[in-house]
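Here's the structure, in structure tokens; my notes come after.
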Amino acid sequence: MKFWPSRERQVAVDVTYLKLCEPPLAPNAPSDDVRVIRADQATAGFYRFLYDQVGRDWQWYERLRMDDAALLKAIRAPGIEIDVLHVAGVPAGYVELNFGSGVEVEVMYFGLMREFIGRGFGSYFLRWMLHRAWQISPQRVWLHTCSLDHPRALGEYQKAGMQIYRTERIYIADPRSQFPHLDSP
């Protein structure tokens, strides 16, 4: 059990770590107007747009604490790849992959924008992401999800073939105290 000291209200968060240790099948796009486009050299503003639109409902806050220089250093680091799901030309979600070790791929961030949830795009994009991550033949692809994420996230990761390998409860300062625009889940 981890505890992050703070004077602010603490929130208990259950974190689940998942891995995939075998190549997934290639996904089929649900329609012709669905594309995934790599965001090479994403700007801080564009990344913040993606991060806010995807993460607001799930109280994503870590990257909100970064100034532009620190954010650009993080998202342009060697091995980092940002891919954006587009539906009919409109950004619908994104994934940030860390290929840095060459041995494993970490899914840093993954999700859809509110307007695209529940329309079948998440399952496709998840399978696309796993297939993309596997293109370097890693020993594993891994990620963590938590009790603040979408209620179906854990089940969708498992349906895509990922297996739980660790769980833990942590306590964090309620991110809404510093970032009031974050909605409660």
May I ask you to list the residues in the range 94-109 that are under 20 Å from residue 57 (Cα atoms) and touching a helix residue (DSSP H, G or I) at 6+ places or on another chain (Cβ under 6 Å)? 94, 95
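Among the candidates 70, 92, which residue alone is more than 24 Å from residue 17 (Cα to Cα), buried (at least 20 other Cβ atoms within 10 Å of the Cβ) and over 12 Å from the mean Cα position of the chain (by Cα)?
Within the list 70, 92, the selection yields 92.
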If only one of 150, 144 is of a type outside the set (Phe, Trp, Tyr) and assigned to a loop (DSSP other than H, G, I, E, B), which one is it? 150
Only residues that are among the aliphatic types (A, V, I, L, M) and under 16 Å from residue 86 (Cβ atoms): list them for the range 99-125, please. 112, 113, 117
Pair list, Cβ < 7 Å and 6+ apart or interchain, from the range 147-165 residues that are among the small types (Gly, Ala, Ser) to residues that are not in a strand (DSSP E or B): 160/24; 160/126; 160/127; 160/130; 161/24
Taking only the range 43-77 into account, find how many residues are within 19 Å of residue 132 (Cα to Cα) and touching a Phe, Trp or Tyr at 6+ places or on another chain (Cβ under 9 Å). 1
Quick one: would you say residue 173 is of a type in the set (A, V, I, L, M), in contact with an Asp or Glu (Cβ under 7 Å, 6 or more places away or on another chain) and farther than 23 Å from residue 21 by Cα? yes
What's the total number of residues in the range 78-89 that are touching a residue at least 40 places away in the same chain (Cβ under 8 Å) and more than 15 Å from the chain's Cα centre (by Cα)? 4
Within the range 137-166, work out how many residues are in contact with a strand residue (DSSP E or B) (Cβ under 7 Å, 6 or more places away or on another chain) and within 30 Å of residue 26 (Cβ to Cβ). 18
Report yes if some residue within the range 55-77 is in contact (Cβ under 8 Å) with a residue 60 or more places away in the chain, acidic (Asp, Glu) and assigned to a helix (DSSP H, G or I); otherwise report no. yes
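Each reported figure results from applying straightforward, stated rules to the coordinates on display, with no laboratory input. Everything quoted here is computed from the prediction, not taken from an experiment. Here Cβ is always computed from backbone atoms with ideal geometry, including for glycine, and neighbour counts include all displayed protein chains.
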